[in-house]
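Chemist: Here you go, one structure.
The values are calculated or read from the model by the stated rules, or taken from the named source; none is laboratory data. Keep in mind that this is a model prediction, so the values were computed, not measured. Neighbour counts are summed over all protein chains in view; Cβ atoms, including those assigned to glycine, are modelled from backbone coordinates with ideal geometry. Calculation scope for accessible area: heavy atoms of the full protein, side chains included, ligands and nucleic acids excluded. Shrake-Rupley method; radii C 1.70, N 1.55, O 1.52, S 1.80 Å.
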Amino acid sequence: MVSDGKLLPALLVAAAVLPGVSGLEPLLKTYHEKIDGEWVGPMIFDENALKALDKKLGTDLNHNLDKNLRSSARSARSALEILAGQHGRRMLDVCASTGNVALTTVEGTSEQSDITGEPAVRAVGSNIYGPFEAGFSSQQDFLIEAFGCSDASLCYSDGGIDTQMAEATCATACGITMPRWDDGVYTGFLDTCGGHASDFHFHQSMHCLYEDAGSHSTKIAEGTNSDASPLYGKWEDYDSGVLPDLDACGGHYGYTPESPSTEVYHHHMQDSPPFAFGCYGPNDDGSLVTVEQCRAIYDDCDGDLETLTTYEGTVEYDAWCPCWDGSGLGFQGAGLNTGIDIVPLAATSPSPTATFAPTPLTWAPTPEPVDSGTTGGSGSG
């Protein structure tokens, strides 16, 4: 499940086999640090951060990090590779754990912060991470116990599970309900707007950044890719109850408030993973991205499946793979990301049609009575 650094060969093979995939952009890479045998976050280094650090220090980071090597060896290795070699860091997809997939372009207010329990303004420029949690270990015991779980080890994981599924598996194992309201306190992996942690970042929902009103949802963020792919709220037309059909990256062609007369490729929020971005589309030929094309650019979509258990039952899952199909057989009606018997998404099937939601959905769950004494928590991802 951990990337082996062979993304480029995988991309080349995919380009030769699947039409259009050579221009498809995966989400970026990041590093985490191993401390006392535990992988921890948040993001330590990425390429842009290293360049910024080089500039701030006013010196050659490669040389400083690798000063004992011959000059020819130094020039052949990047600062990122040297850091990985010297400090035991592992490379993971940003979409799989931490690191910026996008930045918000509007602000919103979480009804209740997972840290303070008070309303919290989420400023313009807030980080949006990909769909997956980075995992739980003994270092997060205090968080798990705050969820109301008497045995924190029941929630331990190596990560790579989307936040919605990770929350459900943890709750099921512990015999508790999440997310939930308890005497005015919201408890869950994320806050009421779909983000968490003292180093705040979003994963899903983001409903506080746009209104359930009017027609097409407003823009809430831009991707950190070179095209700054725009991200909108989940509605294609709220007044008519229309949700968009999206490709495996989470995008489609259509009119937007910024482009009312020309159809453009753009992303929408989704209630199911990948939530915002599965990759950065479209294909280099302008076509929408199929599940197969999405899987082809990620080494971690390797078919090494695990079985997860929620209150709905069991489901097979390909950890760290951000490419879900259109089967609807996953948790809460999501697709599957196993790569087995892939059901095409409506957007990439012949004559795609919009999906109608008869009643506008709200992300926050219905309050239900539970024992008091728990507080909101935040995950490690």
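Chemist: Please work out which residue is nearest to E133 (Cα to Cα), limiting yourself to the stretch 155-175 and to residues that are more than 19 Å from the chain's Cα centre (by Cα) and at pLDDT 95 or above.
Modeler: Checking each candidate, the answer is A171.
Yes or no, residue by residue, for (1) in contact with a His (Cβ under 6 Å, 6 or more places away or on another chain); (2) closer than 15 Å to D114 by Cα:
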position: A173; (1), (2): no, no
position: A197; (1), (2): no, yes
position: F200; (1), (2): no, yes
position: E222; (1), (2): no, no
position: N225; (1), (2): no, no
position: H252; (1), (2): no, no
position: T256; (1), (2): yes, no
position: F275; (1), (2): no, no
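Chemist: Here is a further query. Quickly run through the stretch 142-162 and pick out the residues that are open to solvent by 40 Å² or more (accessible area, probe 1.4 Å) and either touching a residue at least 24 places away in the same chain (Cβ under 8 Å) or not small (G, A, S) (or both).
Modeler: The answer is F142, E145, S150, D151, L154, Y156, S157, D158.
Chemist: Looking at the stretch 256-279, I want the residues that are modelled with pLDDT of 95 or more and buried (at least 23 other Cβ atoms within 10 Å of the Cβ) and have a partner that is basic (K, R) and in a loop (DSSP other than H, G, I, E, B) with Cβ atoms under 9 Å, at least 6 apart or on another chain. Which pairs are those?
Modeler: Listed by first residue and then by second, the contacts come to H268/K234; M269/K234.
Chemist: Also, quick follow-up: Only one residue in A79, A84, A96, A73 is surrounded by 20 or more Cβ atoms within 10 Å (Cβ to Cβ), out of contact with any His (no Cβ under 9 Å at 6 or more places or on another chain), modelled with pLDDT under 90 and farther than 28 Å from E312 by Cα. Which one?
Modeler: Exactly one residue qualifies, and that residue is A79.
Chemist: Collect the residues in the stretch 226-245 that are open to solvent by less than 20 Å² (accessible area, probe 1.4 Å) and at pLDDT below 95, keeping them in residue-number order.
Modeler: Once the filter is applied, which keeps residues that are open to solvent by less than 20 Å² (accessible area, probe 1.4 Å) and at pLDDT below 95, the stretch 226-245 yields only S229.
Chemist: What about D299, is it outside any strand (DSSP E or B) and touching a His at 6+ places or on another chain (Cβ under 9 Å)?
Modeler: So D299 fails the test.
Chemist: Hey, another quick one. Answer yes or no: is there a residue in the stretch 323-342 that is aromatic (F, W, Y) and over 18 Å from A173 (Cβ atoms).
Modeler: Among the residues of the stretch 323-342, at least one is aromatic (F, W, Y) and over 18 Å from A173 (Cβ atoms), which makes the answer yes.
Chemist: Let me ask another. Answer yes or no as to whether V343 is buried (at least 17 other Cβ atoms within 10 Å of the Cβ), of a type in the set (A, V, I, L, M) and at pLDDT 95 or above.
Modeler: The answer is no for V343.
Chemist: Among the numbered criteria (1) closer than 12 Å to M269 by Cα; (2) open to solvent by less than 40 Å² (accessible area, probe 1.4 Å), which one does H207 miss?
Modeler: Looking at each condition in turn, H207 falls short on (2).
Chemist: Identify, from the list G188, G125, the residue that is open to solvent by less than 10 Å² (accessible area, probe 1.4 Å), under 21 Å from A276 (Cα atoms) and of a type outside the set (V, I, T).
Modeler: G188
Chemist: For the stretch 108-141, what are the residues that are of a type in the set (S, T, Y), outside any loop (DSSP other than H, G, I, E, B) and farther than 20 Å from I161 by Cα?
Modeler: Once the filter is applied, which keeps residues that are of a type in the set (S, T, Y), outside any loop (DSSP other than H, G, I, E, B) and farther than 20 Å from I161 by Cα, the stretch 108-141 yields T109, S110.
Chemist: Another one. Against the condition among the small types (G, A, S) and within 19 Å of the chain's Cα centre (by Cα), how does G250 come out, does it pass?
Modeler: Against the criterion (among the small types (G, A, S) and within 19 Å of the chain's Cα centre (by Cα)), G250 qualifies.
Chemist: Hey, can you tell me all the residues within the stretch 304-325 that are open to solvent by 40 Å² or more (accessible area, probe 1.4 Å) and part of a loop (DSSP other than H, G, I, E, B)?
Modeler: D304, L305, Y311, E312
Chemist: Any residue at all in the stretch 274-286 that is over 25 Å from H216 (Cβ atoms) and assigned to a loop (DSSP other than H, G, I, E, B)?
Modeler: yes
Chemist: May I pose another question? A248 fails exactly one of the following numbered conditions: (1) open to solvent by less than 10 Å² (accessible area, probe 1.4 Å); (2) under 16 Å from T348 (Cβ atoms); (3) out of contact with any Lys or Arg (no Cβ under 9 Å at 6 or more places or on another chain). What is the number of that condition?
Modeler: Result: A248 passes all but (3).
Chemist: Name the residue that is nearest to N225 (Cα to Cα), counting only residues in the stretch 99-111 that are modelled with pLDDT of 75 or more, open to solvent by 20 Å² or more (accessible area, probe 1.4 Å) and not hydrophobic (A, V, I, L, M, F, W, C).
Modeler: Filtering first and then ranking leaves T105.
Chemist: Please enumerate the residues belonging to the stretch 212-226 that are in a loop (DSSP other than H, G, I, E, B) and either under 16 Å from the mean Cα position of the chain (by Cα) or within 19 Å of P260 (Cα to Cα) (or both).
Modeler: A213, G214, S215, H216, S217, T218, T224, N225, listed by residue number.
Chemist: I've got another one for you. Take the stretch 151-181 and flag every residue that is of a type in the set (S, T, N, Q) and part of a loop (DSSP other than H, G, I, E, B).
Modeler: The one that is of a type in the set (S, T, N, Q) and part of a loop (DSSP other than H, G, I, E, B): T177.
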